[in-house]
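Engineer: This structure is in structure tokens; I'll ask about it shortly.
The values are calculated or read from the model by the stated rules, or taken from the named source; none is laboratory data. This one's a predicted model, so the numbers in the text were calculated from it and none came from an experiment. FYI the Cβ positions are ideal-geometry reconstructions off the backbone, even for glycines, and counts take in every protein chain you see. Note: areas computed on protein heavy atoms with side chains; ligands, DNA, RNA excluded. Shrake-Rupley method; radii C 1.70, N 1.55, O 1.52, S 1.80 Å.
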Amino acid sequence: KVERSTAGISEALNYNLIECGLALFMSFIINFSIISVAAATFYYNPDAGLNQAPSLLSQFLGDYSVWIFGIALFASGQSSTITGTYAGQFVMEGFLNL
């Protein structure tokens with residue numbers, strides 16, 4: 001429970017900032033990695049789409065790259081969901097003066 005003093009509120013805000021910053025940084029790293037791999041793979045194949053991604057990735061990066069790319073897409077969706085939830089939580093905390 002947060003102590004209702006200036007020091008307690010300041011400490012809670014610092015922990016809140018660290019938690020949100022860490023979540024956003026991890027989301028950035030995951031999304032940046034996916035975009036980098038996709039850009040490097042699809043640059044030489046402009047007609048390729050998401051349906052051709054597994055065959056292109058396995059052709060250039062090996063057989064396990066398809067699984068790694070799939071896990072990265074899943075992690076990207078999860079990090080976006082968590083980040084959106086954090087943003088909504090922070091807005092509601094400010095709205096309700098919690």
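Engineer: Give me the accessible area per residue for the chain, probe 1.4 Å, as a whole number in Å².
Structural biologist: Numbers: 7620 Å² over 98 residues.
Per residue, the chain has an accessible area of 78 Å².
Engineer: Taking all protein chains as present, what is the carbon and sulfur share of the accessible area of the chain, in % to the nearest whole number, probe 1.4 Å? Display every interim value, and only then the final one.
Structural biologist: Working: 5190 of 7620 Å².
C and S atoms contribute 68 percent here.
Engineer: Follow-up. Given R₀ = 25 Å, FRET efficiency for TYR15-VAL91 by Cβ-Cβ distance, to 0.05?
Structural biologist: Details: r = 18 Å, r/R0 = 0.71.
With R0 = 25 Å, the Cβ-Cβ based efficiency is 0.90.
Engineer: Could I ask something else about it? Quick one: if you stick a label point 7 Å off each Cα along the C-beta vector at TYR44 and ILE68, how many nm between them?
Structural biologist: A separation of 1.8 nm, rounded to one decimal place.
Engineer: For Rg/Rh (Cα atoms, Kirkwood Rh), several values are listed as (1) 1.21; (2) 0.98; (3) 1.02; flag the one computed from this structure.
Structural biologist: Here Rg/Rh (Cα atoms, Kirkwood Rh) agrees with entry (1).
Engineer: On a 0 to 90 degree scale, rounded to 10, what angle separates helix 65-96 from the longest Cα axis of the chain?
Structural biologist: With both axes taken from Cα atoms, the answer is about 20 degrees.
Engineer: Out of ILE82, ILE30, ILE71, any idea which swings most in a Gaussian network model of the chain, alpha carbons joined below 10 Å?
Structural biologist: Greatest mean-square fluctuation among the candidates belongs to ILE71.
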